[in-house]
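Okay, structure first, notes after.
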Amino acid sequence: MKKKYDYIVVGAGSAGVRFARLMATKGYKVCILEKSRVGGTCVIRGCVPKKLYVYASNFKDYFSDATSFGWRISKEPTHNWSKLFSSKNKEITRLNKIYIKNLERVGVTIIQEEGSFYNSNSIVLKKSKKIISAKKFIISTGSTPSMPNIPGRELAINSDQFFEMKKIPKNISIVGSGYIALEFAFLLKNLNYNVNLIVRKKTILNEFDKDIGTKILQSAIRKKINIYDESSVQSLTKKGKSIVVVTNKKKITTNLVIFATGRVPCIQSLGLEKSKVKLTKHGAIKVNALSQTSNKNIFALGDVTNRKNLTPVAIREAVYLVNYLTTKKKQTLNYDKIASGIFTQPEVGHIGLGENDLQKRSINYKILQTEFKPLKYAFSNKNNPVFIKVLYQPKTEKIFGIIYIGESAAEIIQSLAISFAKTFTLNDLRNTVPVHPTSSEELVTLV
């Protein structure tokens, strides 16, 4: 006999967990399926462990900066990767238990199995072969790393597998030019590993405003990350304890290859062909503004829809969907006003539209920008400038976007995101009394 629920959520990541928990608190019978650990990519193998690793890597700069302020470091600091790995795992386990506890507390049924659609109103569990059904379904299976189909690909790891590495060799090659590849490159370099970054173009971070890529590339060069640009990986071969990366330009000998070449929606085993759910031309689940698929009883949230692949976005999509299903209140996200951070060194904070976006849409704009050495480095010979860029509409002075590159950039841009909730203009900056002395006050005095 089929077991029936009001809602079955497929995938216990940030969006799925939030949706399931909120609906259960409203009295609905909810089941959530997860083939791995509850928490999803962000908590288990993404944002959270990455940020912990970034925190660890930042200490190298703190130690070197301290001497210019009179501190004497009597011994060269060393880093223990095994200790970091163990501490990271303890924290992830703690968060995983909290997620499970919060779901169980409100009565959500957790089934730790993979499921696929049996038909448009039921799911078959892969291991137990049980069939469960529901009035409505939520697909929130997230995304998975993409790997190139090249000879020797089995010698490399992907960005998810990186977080399961108990030991790291000294020589590492990272393939990719997106934010994951760059974050890995900087954190590993700061932890004293030799890092090669292999990119297909001359530029990096091409999905963002062009100045972000330019400034971070300059910083990577200053950090002595080895950049192999305009290089396409053709094959990997084993040579003793080393791996030889064969590109269109040259051979690179390394000990570990990490592919961070993008992510794709995780839909391969869902049996969507039996659910009447349609896909976009890029292989994501096609949804409307209310996160509803081509099947009126099936909804999709987060990375699996490839709208704006950020954890807070997925969570907000879940909240809006709960509101719609329980009150018929229609809320839609403005994906142009979402803030994001890139945890390189220096850090990047970005909100709104960049030059690339404005040019694609043929929108007229002007720029205010500045670059300066922050007070923190007054005693240092380091070249770590802060960069601020404001893009705005010439007539109304409405701000389209802001870029901040420097220490605590993500924290700063988070505060600015509140202003973007409504119309934000240069005049708002003019009328703001800054906090002094801070680097972020330059955003106000720039106008």
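Read-outs: derived from the displayed coordinates by stated rules, not from any lab. Only a predicted model underlies this, so the values are computations on that prediction, with no experimental measurement involved. Neighbour counts run over all protein chains shown; Cβ positions are idealised from the backbone, glycine included.
Say we join alpha carbon atoms closer than 10 Å with springs in a Gaussian network model of the chain; which of ARG105, ARG307, ARG21 then has the biggest fluctuation? Result for the chain, Cα springs under 10 Å: ARG105 fluctuates most. Build a GNM of the chain with springs between Cα atoms under 10 Å apart, and of ILE131, ILE123, ILE225 the one that fluctuates most is ILE131. Relative to the longest principal axis of the Cα atoms of the chain, helix 409-420 runs at roughly 60 degrees.
Give, rounded to the nearest 20 debye, the magnitude of the charge dipole that region 336-445 has about its Cα centre when Lys and Arg contribute +1 at Cβ and Asp and Glu contribute -1 at Cβ.
Taking the Cα centre of region 336-445 as origin, the dipole is about 280 debye.
If only the Cβ of Lys and Arg carry +1 and only the Cβ of Asp and Glu carry -1, the dipole of region 153-261 around its Cα centre is close to 600 debye.
Step through the table entries LYS3/LYS329; LYS127/LYS276; LYS4/LYS88; LYS201/LYS308; LYS215/LYS398; LYS281/LYS366, compare each Cα-Cα distance with 32 Å, and write down the pairs that go over it. From the list (LYS3/LYS329; LYS127/LYS276; LYS4/LYS88; LYS201/LYS308; LYS215/LYS398; LYS281/LYS366), the Cα-Cα distance tops 32 Å for LYS4/LYS88; LYS281/LYS366. In summary, region 100-152 shows an alpha-carbon radius of gyration equal to 1.56 times the 2.2 N^0.38 Å reference for compact globular proteins. Using a ≥ b ≥ c from the Cα gyration tensor of region 291-447 (square roots of the eigenvalues), is it rounded, prolate or oblate, where a/c under 1.5 gives rounded and otherwise the larger of a/b and b/c decides, a/b for prolate? In terms of gyration-tensor shape, prolate. Treating the angle as unsigned and between 0 and 90°, give the value, to the nearest 10°, between the Cα long axis of helix 14-25 and the longest Cα principal axis of the chain. The angle comes out near 50 degrees.
Backbone geometry of region 89-102 corresponds, through the Karplus equation with coefficients 6.51, -1.76 and 1.60 at θ = phi - 60°, to 3J(HN,Hα) couplings of 4, 4, 5, 5, 4, 4, 5, 4, 5, 5, 4, 5, 4, 5 Hz, x marking Gly and Pro. Each of ILE252, GLN268, TYR55 was scored by the projection of its Cα onto the charge dipole of the chain, and the greatest displacement toward the positive side belongs to GLN268; charges sit on the C-beta of Lys, Arg, Asp and Glu.
When the Cα positions of ILE399, ILE216, ILE138 are compared along the charge dipole of the chain, ILE138 comes out farthest toward the positive end, with charges on each C-beta of Lys, Arg, Asp and Glu.
Exposed loop sites here are chymotrypsin sites (Phe, Trp or Tyr not before Pro) assigned a DSSP state other than H, G, I, E or B and surrounded by at most 12 other beta carbons within 10 Å; excluding them, the longest clear run of the chain is 72-378. Under a Gaussian network description of the chain, with springs only between Cα atoms under 10 Å, the residue in GLY70, GLY352, GLY401 that fluctuates furthest is GLY70.
What is the dipole size for region 1-128, taken about its Cα centre, with +1 at each Lys and Arg Cβ and -1 at each Asp and Glu Cβ, in debye to the nearest 20? Don't skip to the end; give the middle numbers.
Values: 24 positive and 9 negative charges, 80 e Å.
With only Lys, Arg, Asp and Glu charged at Cβ, the dipole is about 380 debye.
Using C-alpha pairs below 8 Å separated by at least 6 residues, the relative contact order for region 239-396 is 10 percent.
Assuming a ≥ b ≥ c are the square roots of the Cα gyration tensor eigenvalues, decide whether region 153-261 counts as rounded (a/c under 1.5), prolate (otherwise, with a/b larger than b/c) or oblate. Walk me through the numbers on the way to the answer.
Values: a/c = 1.71, a/b = 1.37, b/c = 1.26.
Verdict is prolate for region 153-261.
A straight chain from TYR55 to LYS278 at 0.36 nm per residue would run longer than the Cα-Cα distance by 76.2 nm.
Taking square-rooted eigenvalues a ≥ b ≥ c of the alpha carbon gyration tensor, is region 141-207 rounded, prolate or oblate, where a/c under 1.5 means rounded and, failing that, a/b exceeding b/c means prolate? Taking the square roots of the gyration eigenvalues as a ≥ b ≥ c, region 141-207 is rounded.
I need to check one value: relative contact order of region 153-261, counting alpha carbon pairs closer than 8 Å and at least 6 residues apart, in percent. Could you put the intermediate results ahead of the total?
Numbers: 202 pairs, mean separation 39.1, N = 109.
Across region 153-261, relative contact order equals 36 percent.
Once you reduce region 170-212 and region 94-140 to the center of their Cα atoms, the two points are 37 Å from each other.
Mean separation of Cα pairs under 8 Å and 6 or more residues apart, divided by the residue count, gives the chain a relative contact order of 15 percent.
Determine the percent antiparallel among the DSSP beta bridges restricted to the chain, to the nearest 5. Walk me through the intermediate numbers first.
On the way: 45 of 76 bridges.
Of all bridge pairs located within the chain, approximately 60 percent are antiparallel.
Cβ screening of the chain for cysteine pairs under 4.7 Å finds these without a partner: CYS31, CYS266. Region 272-335 and region 339-407 have Cα centres spaced 31 Å apart. Compared with the dominant principal axis of the Cα atoms in the chain, helix 47-66 is inclined by about 10°. For the chain, the mean residue ellipticity at 222 nm estimated from helices alone is -9500 deg cm²/dmol, where every DSSP H run of n ≥ 4 contributes -39500 (n - 2.57) and the total is divided by all residues, rounded to the nearest 500.
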